[in-house]
Amino acid sequence: SLVLRLYYTRNSYKVTYAYEGTAPEGASELPAEATYKYEASVEVAENATAQGYTFSGWDSDNVEIAENEFTMPAQDVVITGRFTAKTDTAYKVEHYLQDLDGEGYTLKETEPKTGTTGTEVTAEPKSYTGFTFDRSVEGTVQTGTIAGDGSLVLRLYYTRNSYKVTY
């Protein structure tokens, strides 16, 4: 009545996460690499976030992810996600007119704008009677990159025109 028993150790494999393309500034940190045994149920990490971007969700070429989980295959798994810049990220353009004393500037108008996160935009000067746009005024910011958090503010300054009166 000899009984031979053979025991097998279940192999373990790694699950790693990666971003496709460049991760935007402020993107949530990638989940840590983890090890799972073959046929274990693996819960996928929460979706990543970055202000001004939409996340595609986690996907893999190795396994089919259903309802944020999968069964660990007999191989390492790389799970990837991608960010897409939003096209309606807010920024604003402020227009300042020189005070009568020539010493300071007063905010005349604020234009709310939207654009694609991460793209460079240039503010177009407006026409104000008696004023000329002056890019040399300290504080002028005519061009900038749209920040995902909507913090970009472009500032244009207009100097007061002088006119001669003759009799």
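Got a sec? Charge dipole of the chain, +1 on Cβ for Lys and Arg, -1 for Asp and Glu; which of 163, 7, 93 is way out at the positive end?
Sorting the options by dipole projection puts first 163.
For residue 9, what accessible area in Å² do you get when you roll a 1.4 Å probe over the heavy atoms of the protein chains, rounding to the nearest 10?
Taking all protein chains as shown, residue 9 has close to 120 Å².
Quick one: order 5, 10, 155 from most to least accessible surface, probe 1.4 Å.
Largest accessible area first, the list is 5, 10, 155.
What full-extension length gain, to one decimal in nm, is calculated for residue 111 and residue 140 as 0.36 nm per residue of separation minus the Cα-Cα distance?
8.9 nm
How far apart, in nanometres, would the label points at residue 88 and residue 25 be if each is projected 7 angstrom from Cα along the Cα-to-Cβ direction?
Simple spin-label model gives 2.5 nm for this pair.
Evaluate E = 1/(1 + (r/R0)^6) for residue 153 and residue 60, where r is the Cβ-Cβ distance and R0 equals 30 Å; express this FRET efficiency to the nearest 0.05.
Plugging the Cβ-Cβ distance into 1/(1 + (r/R0)^6) gives 0.15.
For the range 35-125, I need the span (max minus min coordinate) of the C-alpha atoms along each principal axis, in Å, sorted largest to smallest.
On the principal axes, the range 35-125 reaches 78, 19, 19 Å in Cα extent.
Lys and Arg at +1, Asp and Glu at -1: add these up for the other residues within a Cβ distance under 13 Å of residue 110 and post the number.
That works out to +2.
By accessible area of protein heavy atoms, probe 1.4 Å, what ranking do 152, 2 get, highest first?
Values: 152 25, 2 150 Å².
Correct descending sequence by accessible area is 2, 152.
With springs connecting C-alpha atoms under 10 Å apart, model the chain as a Gaussian network and identify which of 92, 113, 126 has the largest mean-square fluctuation.
The residue with the greatest mean-square fluctuation here is 126.
Please report the carbon-and-sulfur percent of the accessible area for the range 36-159; probe 1.4 Å, protein heavy atoms only, DNA, RNA and ligands left out. Walk me through the numbers on the way to the answer.
Values: 3040 of 7310 Å².
Its accessible area is 42 percent carbon and sulfur atoms.
Just to confirm my numbers, what's the Cα centroid distance between the range 121-167 and the range 67-116 in Å?
After rounding, the separation between the Cα centres reads 22 Å.
Do any GluC sites (Glu not before Pro) in the range 63-151 lie in a loop, going by DSSP, with at most 11 other beta-carbon atoms within 10 Å of their beta carbon, and if so which?
64, 67, 103, 138
Could you tell me the calculated FRET efficiency between residue 1 and residue 74, based on Cβ-Cβ distance and R0 = 35 angstrom, to the nearest 0.05?
0.50
Under the Kirkwood approximation applied to all pairs of distinct alpha-carbon atoms, what is the hydrodynamic radius of the chain in Å? Walk me through the intermediate numbers first.
Details: mean 1/r = 0.0481 Å⁻¹.
This gives a value of 20.8 Å.
Quick check for me: using +1 on Lys/Arg Cβ and -1 on Asp/Glu Cβ, what's the dipole size of the range 1-70 about its Cα centre, in debye to the nearest 20?
600
Just to make sure I understand: if all protein chains stay in place, what is the order of 6, 97, 107, 154 by accessible area at 1.4 Å, largest first?
Numbers: 6 135, 97 25, 107 80, 154 0 Å².
Highest to lowest solvent-accessible surface, that is 6, 107, 97, 154.
The values are calculated or read from the model by the stated rules, or taken from the named source; none is laboratory data. The structure displayed is predicted, hence computed values, not measured ones. Cβ sites come from the backbone with ideal geometry, for glycine too, and all protein chains shown count toward neighbours. To get the accessible areas, we keep the full protein, side chains included, count just its heavy atoms, and leave off ligands, DNA and RNA. Shrake-Rupley method; radii C 1.70, N 1.55, O 1.52, S 1.80 Å.
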